[in-house]
């Protein structure tokens, strides 16, 4: 399929008399400039995530917020995922693996964690990259609204798998 798309693109470019090499070079240059522009935001995000994990703050915060999570219908075992998923996709995937190993994939905790993982996004990373690439320095309501949506999705996952489900 990709070969067909490439062939059609080349034929259309030839038909419209487009200089393919120059167009490709210009696009590659713009892509490289965009990548270099988002590097600072990406570095700050990744360093912040590592500090959050290594300092033990996540573990303490998870323990502190577990009663609140239980009031929202979430099992205590998903608290670290609730905190980490908006920050890092790869770290939260590793955490999901640990949750599934500890509680089992068919347990309520495993099911809620899987639903949370599949329905969320790495909000801070995504916002940092896209807002930086677009040149937006004041995000205004984007991050709070995205985090509220993430929390609503997590609560829905907890409600979807009630205590009697597993």
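No lab work stands behind these numbers, since they all come straight from the coordinates. Since the structure is predicted, the reported quantities are computational estimates derived from the model, not experimental observations. For neighbour counting, all protein chains shown are included, and Cβ atoms are generated from backbone atoms with ideal geometry for every residue, glycine included.
Tell me, how many Å apart are the Cα centres for segment 8-24 and for segment 49-114?
50 Å
Quick check of the Kirkwood formula: for segment 1-57, what is the inverse mean of 1/r over all pairs of different Cα atoms, in Å?
14.8 Å
Just from its helices, what would the mean residue ellipticity at 222 nm be for the chain, if runs of 4 or more DSSP H residues each count -39500 (n - 2.57) and the sum is divided by every residue, rounded to the nearest 500 deg cm²/dmol?
Estimated from H runs of four or more residues: -25500 deg cm²/dmol.
Which distance in nm do the two modelled labels at residue 8 and residue 47 give, with both placed 7 Å along the Cα-to-Cβ direction?
4.6 nm
When the Debye formula is applied to the Cα atoms of the chain, each taken as the same point scatterer, what base-10 log of I(q)/I(0) results at q = 0.13 Å⁻¹?
-0.75
Report the calculated FRET efficiency for residue 121 and residue 19 (r = Cβ-Cβ distance, R0 = 35 Å), to the nearest 0.05.
Working from the Cβ atoms, E equals 0.35.
Could you grab the relative contact order for the chain? Cα pairs under 8 Å, six or more apart, rounded to a whole percent.
24 percent
Given R₀ = 41 Å, what would the calculated FRET efficiency be for residue 55 paired with residue 30, taking r from the Cβ atoms and rounding to 0.05?
Computed FRET efficiency for residue 55 and residue 30 comes out at 0.60.
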